[in-house]
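Bear in mind that the values in this text are calculations on the coordinates, not laboratory data. This is a predicted model, so every value here is computed, not measured. FYI the Cβ positions are ideal-geometry reconstructions off the backbone, even for glycines, and counts take in every protein chain you see.
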Amino acid sequence: MRLGVPALLGLLLCLGLLAPGHAAEPIEDYSSYQPAHKCHPAPKTGTAVLGRWVVRKFGGRPVGGARPCGRKQGVTSEHQAGRAFDWSADVRRAADRRRVKALLRALFEPDRRGNEDARARRMGVMYVIWADRIYPAWNGFRPEPYLNSACEQRSKCSRTLRHRDHVHVSLDRDGARGRTSWYADRQAPHSARQPSTSEAGRADGPA
């Protein structure tokens, strides 16, 4: 039986012999902690693309993106560097808990090649915070207890600082710039993916 090109491509996709889009590219390693240093009072390209994807796929709304930088304190948050966004979710609502569970599953599930936390690694996710837990890339996204540095103890900490009314997502520098593999086919032509700092073999300055 002879197959036409479209049918053959479809068969290869079904058999897993031909990976669509970024799945064929080498997967990124887990991000290390990359502190924010340089002020960027607007979401960077990758941050904006990922934030829109989360809302489009899981609902809810963005409740925090870039933040202004103080002259005295300088840059102390990835929000101020354009590398973080917050997504609305109330831990008291069952529907919101289900939406967050679906997001975390999408971020941390393995791909068909067995790569753990595949989507989060391709996105350049550095860490996620939700409901008194942090999921850090440098520890394989294993959840750990979280207490904001502004809180002496959890019982006296606000719901917002405990991330019980929103999910926080921080990206590493390449992810925020849209330079990791997940963003390759998700940006406008004028903002096509550039080589990551690891691919270029040099740092491109702090985010």
Unit-weight point scatterers at every alpha-carbon of region 24-199, Debye formula, q = 0.08 1/Å: log10 I(q)/I(0) is -0.23
Expressed as a percent, the portion of alpha-carbon pairs in region 68-153 spaced more than 14 Å apart is 72 percent
The long-range amide H neighbours of Met126, using H built 1.01 Å from N in the peptide plane and a cut-off of under 5 Å, are Ser170, Leu171, Asp172
Lys and Arg at +1, Asp and Glu at -1: neighbours of Leu147 with Cβ under 10 Å from its Cβ sum to 0
Put in order of increasing Cβ neighbours within 10 Å, starting from the fewest, Leu50, Leu147, Leu107, Leu171 give Leu147, Leu107, Leu50, Leu171
